[in-house]
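Notes follow once the structure below has been shown.
The values are calculated or read from the model by the stated rules, or taken from the named source; none is laboratory data. This structure is a prediction, so every number in the text was calculated from the model and none was measured. Cβ sites come from the backbone with ideal geometry, for glycine too, and all protein chains shown count toward neighbours.
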Amino acid sequence: MSVEEIEKIVYEFTRKGFQIEPDAFRKLIEVFTEYREINKNEIIKEIIKRKSSELTHSTFVTTKDIEEILPKKEELEGKIEYEDIKADVEVIRDPGNEVKILEGIEGFKNYFLNRYMKLLKIVNSRPSQKSFTKIDKISNNGKDVKIAGLVKEKKVVKDKVILEVEDPTGVLKIVSKQDNQNRTPLEVLPDQLVIVEISSIKEGLAYASRIEFPEIPDTGFQTKAPEVYTLLLSDLHIGSKSFQKETFEHLLHWLQGYHGDKEIIRKLKYIIIAGDLVDGVGIYPNQEKELEETDIRKQYILVAQYIEQIPKHIQVIIIPGNHDATRQALPQPSIPKKYCEELYRMDNVKMYGDPLEIKLHGINFLVYHGRSLDDVFAYSPSSETSRPENAMRLLLRARHLAPVFGARTIIAPAEEDSLVIDTPPDVFHAGHVHIFGYTKYRNTLIINSGTFQNQTMHQKSIGINPTPGIGAIVNLNTLEVIEKDFNKITIQHNLQRI
């Protein structure tokens, strides 16, 4: 232990009015030196708490006081036998490192045409789907026709939603009523594809009897995956003064077997982190006031120091977020090696772009940081920041990760729109919103894994109330979700024999 660490231990006792006897001090330093992963702060806090509650009001901390609080040797050593599970990771798509950017008006035109054609192909694959009428073929007397197009503009006027829908042949203005039983028109996002059944057209204005989304199919879930667990995390924001250091250390100790749940930990093979490993620099106004570390390279060094404490048999899969040091336009490439070479050197860590589609033991995961959820909240009145899983459901219904173009989410126009959700995922995992939530929609498990950052002044100013310190553990055999609150792990759990 360093001189600074020893001085800090002495200071913590003396500032609370206690003196630690020499033998007790040697015992404490001996344990802290041998078992570096132990949470020193919690041990000291618990000793002080117990001494403060004694009736004798003794100001001397003895060896007996130390031995009563320290975990037994077998608890310190974890004594956990991890199951020998062979990793089964198949990368289906990592478009972040493959995108070819187009330029100019022609580039944008080609991008949206590709989006339209890919989504139309998805819609046309439905067994019951009837053929569509091109917009330029609709007459003023047309009725009972169906069109498919991208939403050019959306307006809400009282109980009506007015859409301008565009296909490669033209633009049509459509009016649709919405009420409590018919919320779909209100949930339409700009630039997404919609299927519209038109009942009548009067003076160039079409009236919709029904509006549909591309949707994901409602099929049954089947799996041959073994009972293997995956821990889903996001938005660590290391480098921020608001980073929950102790809570994240609880998570690391939990992985090493010090806080129970050993039957799960034995079979936990994967950790997926959906972006924002660091808080970054210059992301929002006056951010430097909220940073513990203002050097981006040093922020990633701190990240590596935490990640290296994860047991080496666990595969760690990482994508970037909007706070990470990579291109902000979607799809994002993986975080460059020059910023986090320590992570690239770890055998159990894999760095990918955003979004990422992978299979773990045959279970399809769509991993996305979630930047476009801000646009969903802005354009869909039924979406609330307190329920990010519902906003993620709208992205699945639209079959697109970032439908809204030109708003908060920066999208790189490319030859192919790789943000279209071609294959419906078994698990859709995102973050960004800093609020934990999960749900199931048409047999797809939707999880927003929250954060490890307390509320910042910037978040307070825009009304975000985070729910930090919670992780989602997914059983690949059943897709059951176990919600784990690492805030609630205390030193008391260390004292229980498992």
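Are any of the residues in segment 341-351 assigned by TED's automatic domain parsing to the domain that holds Gly257, at pLDDT below 95 and of a type in the set (Lys, Arg)? Explain how you work it out, then say what you get.
Taking segment 341-351 first, the residues assigned by TED's automatic domain parsing to the domain that holds Gly257 are 341-351.
Now narrow it down to the ones that are at pLDDT below 95: none.
No, the conditions are met nowhere in segment 341-351.
I'd like to know if segment 248-258 contains one or more residues that are in the same structural domain as Thr409 (by TED's automatic domain parsing), touching a Pro at 6+ places or on another chain (Cβ under 9 Å) and of a type in the set (A, V, I, L, M, F, W, C).
yes
Give the number of residues within segment 118-154 that are under 30 Å from the mean Cα position of the chain (by Cα) and surrounded by 13 or more Cβ atoms within 10 Å (Cβ to Cβ).
Quick first cut of segment 118-154, residues under 30 Å from the mean Cα position of the chain (by Cα) only: 118-123, 150-154.
The next check asks that each one be surrounded by 13 or more Cβ atoms within 10 Å (Cβ to Cβ); those that pass are 118-120, 122-123, 150-154.
Number of matching residues: 10.
Would you be able to tell me the number of residues in segment 16-65 that are of a type in the set (Phe, Trp, Tyr) and either farther than 22 Å from Gly257 by Cα or exposed (fewer than 12 other Cβ atoms within 10 Å of the Cβ) (or both)? Give the steps one after another, and end with the answer.
Keep residues of segment 16-65 that are of a type in the set (Phe, Trp, Tyr), which gives 18, 25, 32, 35, 60.
Next, only the ones that are either farther than 22 Å from Gly257 by Cα or exposed (fewer than 12 other Cβ atoms within 10 Å of the Cβ) (or both) stay: 18, 25, 60.
Qualifying residue count, segment 16-65: 3.
Could you pull out the residue among Ile216, Ile201 that is over 30 Å from Pro311 (Cβ atoms), touching a helix residue (DSSP H, G or I) at 6+ places or on another chain (Cβ under 9 Å) and surrounded by 14 or more Cβ atoms within 10 Å (Cβ to Cβ)?
On the way: Ile201 fails: touching a helix residue (DSSP H, G or I) at 6+ places or on another chain (Cβ under 9 Å).
Residue meeting the stated conditions: Ile216.
With the condition kept exactly as written, say whether any residue in segment 479-490 is crowded, with 21+ Cβ neighbours inside 10 Å, modelled with pLDDT under 90 and more than 21 Å from Phe377 (Cβ to Cβ).
Checking segment 479-490: at least one residue is crowded, with 21+ Cβ neighbours inside 10 Å, modelled with pLDDT under 90 and more than 21 Å from Phe377 (Cβ to Cβ).
Please enumerate the residues belonging to segment 236-270 that are among the small types (Gly, Ala, Ser), within 17 Å of Tyr300 (Cα to Cα) and part of a loop (DSSP other than H, G, I, E, B).
Within segment 236-270, the first condition is being among the small types (Gly, Ala, Ser), and the residues that meet it are 239-240, 242, 257, 260.
Filter again for within 17 Å of Tyr300 (Cα to Cα), leaving 239-240, 242.
Matches in segment 236-270: Gly239, Ser242.
Can you list the strands (runs of 3 or more DSSP E) found entirely within segment 329-378 that contain at least 2 residues being over 13 Å from Asp94 (Cα atoms)?
Values: elements: 349-351, 356-360, 363-367.
Of the strands (runs of 3 or more DSSP E) lying wholly inside segment 329-378, those with at least 2 residues that are over 13 Å from Asp94 (Cα atoms) span 363-367.
State which residue is modelled with the highest pLDDT when the search covers only segment 400-419 and only residues that are more than 15 Å from Ser380 (Cβ to Cβ) and touching a Lys or Arg at 6+ places or on another chain (Cβ under 7 Å).
Of everything passing the filter in segment 400-419, Asp417 is modelled with the highest pLDDT.
If I filter segment 268-285 for residues that are farther than 23 Å from Ser334 by Cα and touching a strand residue (DSSP E or B) at 6+ places or on another chain (Cβ under 9 Å), do I get at least one hit? Can you show your working first?
Step one: filter segment 268-285 for residues farther than 23 Å from Ser334 by Cα, giving 268, 285.
Now narrow it down to the ones that are touching a strand residue (DSSP E or B) at 6+ places or on another chain (Cβ under 9 Å): 268.
Scanning segment 268-285, I find at least one residue that is farther than 23 Å from Ser334 by Cα and touching a strand residue (DSSP E or B) at 6+ places or on another chain (Cβ under 9 Å), so the answer is yes.
Restrict the check to segment 225-235 and report whether at least one residue is surrounded by fewer than 23 Cβ atoms within 10 Å (Cβ to Cβ) and out of contact with any strand residue (DSSP E or B) (no Cβ under 7 Å at 6 or more places or on another chain).
yes
How about segment 396-426: which of its residues are hydrophobic (A, V, I, L, M, F, W, C), buried (at least 22 other Cβ atoms within 10 Å of the Cβ) and within 20 Å of Val156 (Cβ to Cβ)?
Selection gives Ala398, Val404.
Among the listed residues Ala412, Ala391, Ala398, which satisfies the condition of being without any contact (Cβ under 8 Å) to a residue 60 or more places away in the chain and of a type in the set (Gly, Ala, Ser)? Working first, answer last.
Working: Ala412 fails: without any contact (Cβ under 8 Å) to a residue 60 or more places away in the chain; Ala398 fails: without any contact (Cβ under 8 Å) to a residue 60 or more places away in the chain.
Result: Ala391 is the single residue among Ala412, Ala391, Ala398 that is without any contact (Cβ under 8 Å) to a residue 60 or more places away in the chain and of a type in the set (Gly, Ala, Ser).
Restricting attention to segment 220-230, does a residue exist that is on the phi > 0 side of the Ramachandran plot and either in contact with a helix residue (DSSP H, G or I) (Cβ under 6 Å, 6 or more places away or on another chain) or at pLDDT 90 or above (or both)?
Of all residues in segment 220-230, those on the phi > 0 side of the Ramachandran plot come to none.
No, segment 220-230 contains no residue that is on the phi > 0 side of the Ramachandran plot and either in contact with a helix residue (DSSP H, G or I) (Cβ under 6 Å, 6 or more places away or on another chain) or at pLDDT 90 or above (or both).
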